[in-house]
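Heads up, the thing below is written out as structure tokens.
No value in this document is a laboratory result; all are computed from the given coordinates. Because the structure is a prediction, the values reported are computed rather than measured. When we count neighbours, we look across all protein chains shown, and the Cβ atoms used for this are built from the backbone with ideal geometry, even at glycine.
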Amino acid sequence: MIIKYNTILNNRNFLKVWSSQLLSQLTINISTFLLINQIYEITNSSISVAILWLAYSLPAVLFGPFSGFFVDLWSKKKVMMLANFLQAIIIGSIFFITEKYYLLYAGVFGYSLINQFYVPAQLALIPHLVKKSNLPLANSLFLLTAQLSLLVGFGGGSILIKLLPRDTIIALCSAFLLLATFSLSFLPSDKSFVSIKKKYKNTMQNWFEEIKRGWVYLSHQGKLILVSFGIMALFQITTASFSSIMPAISNEILKTSLKEAAAYLVPPLVVGLLLGGFIFSKLAKKQRKKEWISLGFGGAGITLIVIVVVEGLGIALHKHPITLSFLLFMLGSAASLVLIPSQTFIQEFTPAAIRGRVFGLLGVTTNLAAIIPVLTVATIIDIIGVRFLLLVIGLLCLATNIFIYTKGNEIILNTNHRA
């Protein structure tokens, strides 16, 4: 397995993009933890945390359809460099925001707006840097980076808050983004689509036609790629809903603040994500992607239901850290078995010339569809309680598992792809 990873890790250009992702993810997770903790301590409101998520999501809805088009025309290297640099400035501006927490929403909005260009450019560039057969490995490494940065951002973030002043942490995050910009500067120029750029330059009609082309491509690819697209959106919606109620989960189930809980809550979750990515990378060709995805949803649903049942029996999980860690470990493993196969399939069967648009549309679809669920969850959490909400999400995961397991073959027969 190590030898297989070496085929990617020996690719210097891939490493430059990967290091940029590492620093970017590290920044967003540390700053997100800092902002969630700051806002919840001031307001003691899950709705205020949900608004923070809304500020991050709106740019994807408003600008996502357009950003993917430009990503396909512009140099992806330059897009990513400019994005990291501008985000460093925005993060640095948070230095001046203390009690007026509502101004933080504007900063988050600006950061996310720039991210609408950075993320599609990054995802569209990966298949140009690695062979098609190595895409599962590359995706698992990017997921690994995201989860390791989650570990440092949320788990280590609680430690950083105790050891360092808030402004020092912000300066550190800004420095990470400047380093990411520096790393990308060593990439070779990418001019794969210069002819497209010349053809459609300054033509608004073609601009909208090319944006529409991304939607048309998805609608004509049969059910399979649409289901993969929908699965990624569904899982990210669930993750967004969880993020808005993390402080409430810490208070009700773990009986402590998010700042205290994150240090032992995140590590087992991340270890599970890493193991799931390792298993998929090693055994990806032995089972169809739809079987991995079905397994992931089933595992997530069962784990969430077990948590609810255990708590319902009067067994306080915060008093049984080993049991809690095992359940979080299983939840992380299940998550990776959903995300990696879905993303890999979309990358494999999407033409390079419109790949940026497809991933841009994914961001739009996810964030638009998540607005109502996230705000609803944050609004009613005090009424229905965390445990009941976890039960509902667990049952939805099991229902998705059953749908994929029973309808998967029918979907595949209606397409020309094997998943």
3J(HN,Hα) from dihedral phi, segment 125-134, Karplus parametrisation 6.51/-1.76/1.60, rounded to Hz, x for glycine, proline: 7, 3, x, 7, 9, 10, 5, 4, 5, 9
Vicinal HN-Hα couplings computed from phi for segment 76-90 (Karplus, 6.51 cos²θ - 1.76 cosθ + 1.60; Hz; Gly/Pro x): 5, 4, 5, 4, 5, 5, 5, 4, 4, 5, 5, 5, 4, 5, 5
Two-site FRET efficiency, Lys131 against Leu395, from Cβ-Cβ distance with R₀ of 45 Å, rounded to 0.05: 0.65
Cα→Cβ-extended label distance, 7 Å offset, between Ala175 and Glu41, nm: 2.2 nm
Sites Thr168 and Ser93 - FRET efficiency at Förster radius 22 Å, r taken between beta-carbons, to 0.05: 0.90
Burial ordering of Ile170, Ile159, fewest other beta-carbon atoms within 10 Å first: Ile159, Ile170
Whole-Hz couplings from phi, Karplus 6.51/-1.76/1.60, listed for segment 47-56; x for Gly and Pro: 5, 4, 5, 5, 5, 4, 5, 4, 4, 6
In nm, spacing of pseudo-spin labels at Ala106 and Ile380 (7 Å Cα→C-beta vector): 3.5 nm
Entries of Lys78/Lys132; Lys78/Lys131; Lys100/Lys162; Lys255/Lys290 with Cα pairs more than 32 Å apart: Lys255/Lys290
